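*Asks:* One structure, as structure tokens, below. Some questions next.
The values are calculated or read from the model by the stated rules, or taken from the named source; none is laboratory data. These figures come from a predicted structure and were not determined experimentally. Cβ placement follows ideal geometry from the backbone for every residue including glycine, while neighbour counts extend to all protein chains displayed.
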Amino acid sequence: MPKIVFWSPLARTTGNTHAAIAVSTLMGIDEDVSAILLQAHWQNRKIESSFTDYDQLKSMNVFTNSNIGMTALSRLAESNKLLPESIRNYAKPVLKQRLDIMYGTNVTTRDQFATLSGTFPAIVRKADEAYDFVIVDLPKTVENDYTREVLEDADLVVCTINQDIVRLDDFFEELEKNEYIKNKNKIVVVGDYENKSKCNLFNIKGRYRTKYPIFAVPHNYIFTDACNDGAVIDFFYKNIKADARDYNGYFISEVRKIVKKILEVTKIREL
């Protein structure tokens, strides 16, 4: 089954995590598929806290319990005991039988994280046996061995960027020359997008004449607040039928285009 990686070749903020959260959640609501959203970051709590209130997560000791999430799975992988059902057993369901998330690592030092991160590619491959889609929020650039390995193993790379024209030049150059994604299926997603900017999708397409499909995750402060409040599921359900001319409806309609393209590219659905 397809492994979808959200990633950027550039090191600065690109809206990568918010894009992965939005796409995976809408896919779970709209489509009859099972998916898991994983992250491979050190001390990044955004995915967990987008679906459950951050203070509640702290009170549950989620960020200190080494027997849950990626930390526990890493130990299973190191001892060759990792099975597809292990992924489901350690995952947190957020949309019943549609979308699970996996809590990130809770190690406290970069050395500990470096040890655990070597098992991430194996965890992604094993998750691929348990779900229709594996969606990975991957660290930017290719500085880490595990990042390179997960990229090389991906079926589709969602390459994220923002509307900074200087960075766009570097971004599209990197998409062409980066050896780890050179022969991969790729789509481009502009995060935190403002349509009224001069650097909009129409002008980006015209300037770069890129062969890759380009989409947007619009800037939406209500969605951002929902991520901060652990209320992403509520945000989508409240607005799922909103008109595309509405502020939230526009956001959802643009994210839906990305979901449909992923289904098309990965051959889950021919469009």
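*Asks:* Tally the residues that are assigned to a helix (DSSP H, G or I) and crowded, with 18+ Cβ neighbours inside 10 Å, restricting the search to segment 1-39. Working first, answer last.
*Replies:* Taking segment 1-39 as the starting set, the residues that turn out to be assigned to a helix (DSSP H, G or I) are 16-30.
Checking which are crowded, with 18+ Cβ neighbours inside 10 Å leaves us with 16-28.
Summing the residues that are assigned to a helix (DSSP H, G or I) and crowded, with 18+ Cβ neighbours inside 10 Å in segment 1-39 gives 13.
*Asks:* Just to verify a result, which residue in segment 192-210, among those that are in a loop (DSSP other than H, G, I, E, B) and more than 23 Å from the chain's Cα centre (by Cα), is farthest from Asp169 (Cα to Cα)?
*Replies:* To start, the set of residues in segment 192-210 that are in a loop (DSSP other than H, G, I, E, B) comprises 194-200, 209-210.
Next, from what is left, pick out any that are more than 23 Å from the chain's Cα centre (by Cα): 196-199, 209.
On the way: Lys196: 20, Ser197: 17, Lys198: 15, Cys199: 12, Arg209: 12 Å.
Here the residue is Lys196.
*Asks:* Still on this model: Which one is nearest to the chain's Cα centre (by Cα) among residues in segment 44-54 that are within 21 Å of Tyr146 (Cβ to Cβ) and touching a residue at least 60 places away in the same chain (Cβ under 8 Å)?
*Replies:* Ile47
*Asks:* Return yes when Tyr180 is in contact with a helix residue (DSSP H, G or I) (Cβ under 7 Å, 6 or more places away or on another chain), at pLDDT below 95, more than 25 Å from Val136 (Cβ to Cβ) and surrounded by 14 or more Cβ atoms within 10 Å (Cβ to Cβ) and no when it is not.
*Replies:* no
For (1) at pLDDT below 95; (2) touching a Gly at 6+ places or on another chain (Cβ under 8 Å); (3) closer than 18 Å to Met27 by Cβ, each residue gets a yes or a no:
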site	(1), (2), (3)
Asn162	yes, yes, no
Glu174	yes, no, no
Leu201	no, no, no
Pro213	no, no, yes
Gly230	no, no, no
Phe235	no, no, yes
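*Asks:* Could you tell me which numbered condition Asp53 fails, if it satisfies all but one of (1) modelled with pLDDT under 90; (2) touching a Gly at 6+ places or on another chain (Cβ under 7 Å)?
*Replies:* (1)
*Asks:* Another question, if that's okay. Is there a residue in segment 103-124 that is modelled with pLDDT of 95 or more and either charged (D, E, K, R) or closer than 24 Å to Arg207 by Cα (or both)?
*Replies:* no
*Asks:* How many of the residues in segment 236-266 are under 18 Å from Ile135 (Cβ atoms) and free of Cβ contacts under 8 Å to residues at least 60 places away in the same chain?
*Replies:* Matching residues across segment 236-266 total 3.
*Asks:* Name the residues in segment 71-97 that are touching a Leu at 6+ places or on another chain (Cβ under 7 Å) and of a type outside the set (Val, Ile, Thr), would you?
*Replies:* Leu73, Ser74, Leu76, Leu82, Ser86, Tyr90, listed by residue number.
*Asks:* Moving to a separate point now. Exactly one of these conditions fails for Trp42: (1) assigned to a loop (DSSP other than H, G, I, E, B); (2) at pLDDT 95 or above. Give me its number.
*Replies:* (2)
*Asks:* Considering only residues that are in contact (Cβ under 8 Å) with a residue 12 or more places away in the chain, buried (at least 17 other Cβ atoms within 10 Å of the Cβ) and in a helix (DSSP H, G or I), which ones fall in segment 55-85?
*Replies:* Across segment 55-85, the qualifying residues are Leu57, Gly69, Met70, Thr71, Ala72, Leu73, Ser74, Ala77.
*Asks:* On to the next question. Just one of (1) more than 16 Å from the chain's Cα centre (by Cα); (2) among the small types (Gly, Ala, Ser); (3) surrounded by 15 or more Cβ atoms within 10 Å (Cβ to Cβ) trips up Ala244, so point out which.
*Replies:* (3)
*Asks:* If I go through segment 86-137 residue by residue, how many of them are of a type in the set (Val, Ile, Thr), within 18 Å of Ser24 (Cβ to Cβ) and without any contact (Cβ under 8 Å) to a residue 60 or more places away in the chain? Write out each step before concluding.
*Replies:* From segment 86-137, those of a type in the set (Val, Ile, Thr) are 87, 94, 101, 105, 107-109, 115, 119, 123-124, 134-136; that's our starting set.
Within this subset, residues satisfying the condition of being within 18 Å of Ser24 (Cβ to Cβ) are 87, 94, 101, 123-124, 134-136.
With the extra rule that they be without any contact (Cβ under 8 Å) to a residue 60 or more places away in the chain, the set shrinks to 87.
Looking only at that region, the number is 1.
*Asks:* Here is a further query. What number of residues within segment 114-133 satisfy the criterion of being among the hydrophobic types (A, V, I, L, M, F, W, C), buried (at least 19 other Cβ atoms within 10 Å of the Cβ) and not in a loop (DSSP other than H, G, I, E, B)?
*Replies:* Total meeting the criteria: 6.
*Asks:* On to the next question. Residues to consider are Leu82, Leu95; find the one that is farther than 20 Å from Ile123 by Cβ and hydrophobic (A, V, I, L, M, F, W, C).
*Replies:* The match here is Leu95.
*Asks:* Related question: I need every pair where a residue in segment 6-18 that is over 22 Å from Asn185 (Cβ atoms) has its Cβ under 7 Å from the Cβ of a residue that is part of a loop (DSSP other than H, G, I, E, B), sequence separation at least 6 or different chains.
*Replies:* Close Cβ pairs (under 7 Å, with a partner that is part of a loop (DSSP other than H, G, I, E, B)) amount to Ala11/Lys140; Ala11/Thr141.
*Asks:* Here is a follow-up. Looking at Glu174, Glu129, which is the one that is within 30 Å of Ser79 (Cα to Cα) and touching a Pro at 6+ places or on another chain (Cβ under 9 Å)?
*Replies:* Only one candidate qualifies: Glu129.
*Asks:* Can you say whether Ala40 is within 23 Å of Val107 (Cα to Cα), of a type in the set (A, V, I, L, M) and free of Cβ contacts under 8 Å to residues at least 24 places away in the same chain, as far as the supplied structure shows?
*Replies:* Numbers: within 23 Å of Val107 (Cα to Cα): yes; of a type in the set (A, V, I, L, M): yes; free of Cβ contacts under 8 Å to residues at least 24 places away in the same chain: no.
It is false that Ala40 is within 23 Å of Val107 (Cα to Cα), of a type in the set (A, V, I, L, M) and free of Cβ contacts under 8 Å to residues at least 24 places away in the same chain.
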